[in-house]
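Below: one structure, written as structure tokens.
Each value in this text was obtained by applying a stated rule to the coordinates, not by laboratory testing. This is a predicted model, so every value here is computed, not measured. Every residue, glycine as well, gets a Cβ built from its backbone with ideal geometry; the counts of neighbours run over all protein chains shown.
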Amino acid sequence: MAGVTESGVSIGWAWTLLAAIGWSAFDVARKRLVASMAPVPLTAALGFAQAPLFAAWALAAGDPPLDPAAYALPGSVVLVANTAACLLFFWSLAQADLGRAIPMLSLTPAWSVVIAAVWLDERPSSSALAGIALVVAAAALLAFRPGRGPGRWDRGVVGMAGVALLWAITSVGDKAALAVVPGGTHAAVQTIALALLLSAWLASRGGLASLRPPAASLRTFALGTVVSVAALGCQLAALGSLQVGVMEAGKRAFGVVAAVALGRWLFHERPGRREWLAAALMVPGVVLLTA
């Protein structure tokens, strides 16, 4: 990446690893929370809880005032894509096992390479293209179940592939936004805008009361809020020195194996040979994206 030193790239990888750990923990929290709260109010409630933490980050960093004209395009793209991704994520997770659904997010670096090439002029190498092919093959292996007739495609797994595309758009938009606004301000604006948008939708249907997390889930909700703020903060920091596709590849390389392992450990899911084979294909695929 032009203009970034070797030490800067190393720091970027450190931020990426921390982001991967944070998002893996957040995936577990969301899997538990979606059992007691509907996706729309849960997403809105998380946004309201996250926004003050990001605002405190912006204030502590002394971020300059936001330039609405410069921020309008990337900010709007990120808001729309992230809102859709969050809602589709919860729906997909309710339809499929954690170990089958989360590995589909390994499609995110593949989508990111393509979108960043168009939007940010970040060009993929030949090894990155080989990685895309492996990741897509592994994702198809996870999503397609033989012997199910016309409806053989797993809706939850295919839905998670859509989440991967939307989050790729979000990540590329994040990097575009960071060129005109600091990370703390960007994250604060996005989370509060997401929460307000979903709350308006709930209010139009008389569902504002559903924003309050059940008492039994407050500890998980608080944990999910903190780890998601830390994960996004680390991810935005990583984008300062890594290409979007490279950052997403590193993040997903850890997440593929972690999702299968956590699904087995915490939710007693039993991944079969197809799941382990898909994970085995995804890991070298995302590594090739970084070469």
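Summary of computed values
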quantity: Residues 172, 9, 227, sorted so that the one with the fewest Cβ neighbours within 10 Å comes first; calculated: 9, 227, 172
quantity: Potential lengthening between residue 210 and residue 133 on full extension [0.36 nm per residue; Cα-Cα distance subtracted]; calculated: 23.5 nm
quantity: Exposure proxy ranking, count of Cβ atoms within 10 Å, fewest first, for 135, 244, 157; calculated: 157, 244, 135
quantity: Order of 205, 32 - criterion: other Cβ atoms within 10 Å of each residue's Cβ, fewest first; calculated: 205, 32
